[in-house]
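Contents: one structure, followed by commentary.
Each value in this text was obtained by applying a stated rule to the coordinates, not by laboratory testing. In this text the structure is predicted, and so the values were computed from the model without any measurement. Don't worry about glycine lacking a Cβ; one is built from the backbone with ideal geometry, like all the others, and counts go over all protein chains shown.
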Amino acid sequence: MNRNETDKKHKARSKLIAKLIPYLRKNGLQSVRMDEIARVMEVSRATLYKYFSTKEEIIGFIIEGFIGYINELTLQPLDSEQSFSSRFQLIFEQTVSLNEYFTEIFLKELETSYPEWHDKLDEAMKQRERLILAFYEEGVHKGIFNNVNGKLLIKQDEILRGMFNVKYLMTNQLTVEQVLHDYYQLKKIQLFKPDKLSAVDDAGMMPRIEHLTQKITKHLF
């Protein structure tokens, strides 16, 4: 298979997986069968097997995709105040997406049924945390960030998972967009020194928050 054919196959597989992930997020991994996967992907079993021969291959493709997404953090140089802003926004966007997709049921079943893939994802997440902590430390060193405890900032992000809940949102009369917008502002103010806030391009972040809002709301209802 040449490079062009490989790229086409990868894109086709990615489109199929995009249809499946919300279903797995709600229903878990263990009970779903290949015929159900084909139904969710809206393809025949024959077409499904053309792209994925086993359920384990599907899970592997999903986890490798997320690991690639996580590793995007290493692609951005830190050579200006604006670059610190850009990486902060990427970290925020990643944090929201990862908390939204990796539900407790998904992670627990991944560990039970596919321990090798769970370990690979776990190592990628640990490496991500190390990169974020180093990023915070560099920002403090360069006088861009407040001298805050990076580990506490990362731990704080766990509250997002509980907020993406219909009951929580309705009880507190909140929308997903409000939660994301207010949490983004909170993280920004916690991290950046007051005289460095102007380096953060909120206008560029708002469309990304709107996109996240649409994805999360679609999965909730």
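The figures follow:
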quantity	calculated
Segment 72-112 - Kirkwood radius from inverse mean 1/r over Cα pairs (Å)	11.9 Å
Mean Kyte hydropathy of -0.5 or more with a Cα span along the axis of at least 24 Å, helices from DSSP in the chain	81-101
Cβ charges +1 (Lys, Arg) and -1 (Asp, Glu), total dipole of the chain, debye	580 debye
Loop-located GluC sites (Glu not before Pro) in segment 106-150, at most 10 other Cβ atoms within 10 Å (DSSP)	none
DSSP-assigned coil residues among GluC sites (Glu not before Pro) in segment 145-221, each with at most 14 further Cβ atoms within 10 Å	158
Cross-link pairs beyond the 22 Å C-alpha cut-off, checked among 55/120; 26/108; 142/188; 155/196	155/196
Fully extended contour minus Cα-Cα distance, from residue 21 to residue 152, at 0.36 nm per residue	44.2 nm
Semi-axis lengths, Å, segment 140-219, gyration tensor of Cα atoms, sqrt of 5 times eigenvalues	26, 16, 10
Extension gain (nm, one decimal) between residue 206 and residue 54, 0.36 nm per residue minus Cα-Cα	50.8 nm
Relative contact order for the chain, counting Cα pairs under 8 Å that sit 6 or more residues apart, in percent	22 percent
Exposed trypsin sites (Lys or Arg not before Pro) absent - longest run of the chain, DSSP non-H/G/I/E/B, at most 15 other C-beta within 10 Å	34-141
For residue 192, distant residues with modelled amide H under 5 Å away	146
Length released on extending from residue 7 to residue 133, taking residue separation times 0.36 nm less the Cα-Cα span	41.9 nm
Residue (of 219, 176, 162) at the positive-pole extreme of the chain, dipole from beta-carbon charges	219
Estimated D of the chain in µm² per second, where Rh is the Kirkwood radius over Cα pairs and Stokes-Einstein applies at 37 °C, 0.692 mPa s	171 µm²/s
